[in-house]
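Every read-out reported here was derived from the displayed coordinates using simple, explicitly stated rules and does not represent laboratory data. This one's a predicted model, so the numbers in the text were calculated from it and none came from an experiment. Because the Cβ atoms are built from the backbone with ideal geometry, glycine has one as well, and the counts that use them run over all protein chains shown.
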Amino acid sequence: MSVNITGINALINELERRLGQNRMQEINDRALKEGAKVFVRELKLQFEHFKDTGASIDEITISEPMWVRGKRTIKVHWRGPKGRYRIIHLNEWGTVENPNPRGKGVIARALRNAEEEYRRVVRQALERGI
């Protein structure tokens, strides 16, 4: 079964015409930031289960909204003095020597757990802006 939704582009064009392109981008950016905070909260909760020093939790960073391949995006990444960005992928996927580390799949689990709340928060932020 499939569903075909039409008129989305017309709706977006009409909102941009009424509110202006800059205002629409501000609304989108605010919604993305609020959604990113929801995801980071869940990510930190998941990282708590296997933390050692807590450096991976402390270095979670949210970027400013940016254009990536024509879409407005926010990146959640690791930035800090302990350089945890170097080992995050090892915890997420494992290595040949340690194929199943304690933190394996934590980021994917956080994405899954936060998805519904993320959508709700983004929708509310967009409704408030419009």
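Test of understanding: among 30, 102, 41, which residue is under 17 Å from residue 125 (Cα atoms), of a type in the set (Lys, Arg) and touching a residue at least 40 places away in the same chain (Cβ under 8 Å)? Please lay out each step first, then the result.
Details: 102 fails: under 17 Å from residue 125 (Cα atoms); 41 fails: under 17 Å from residue 125 (Cα atoms).
Going through 30, 102, 41 in turn, the sole match is 30.
Here is a check on your reading of the model: is residue 118 closer than 29 Å to residue 13 by Cβ and hydroxyl-bearing (Ser, Thr, Tyr)? Let's see the steps before the verdict.
Numbers: closer than 29 Å to residue 13 by Cβ: yes; hydroxyl-bearing (Ser, Thr, Tyr): yes.
Taking the combined requirement at face value, the residue satisfies it.
Find the helices (runs of 4 or more DSSP H) located wholly in the range 15-130 whose residues include 2 or more that are loosely packed, with under 12 Cβ neighbours inside 10 Å, and list them.
Details: elements: 21-47, 55-58, 88-93, 106-129.
Because the criterion is at least 2 residues that are loosely packed, with under 12 Cβ neighbours inside 10 Å, the helices (runs of 4 or more DSSP H) in the range 15-130 that meet it are 21-47, 106-129.
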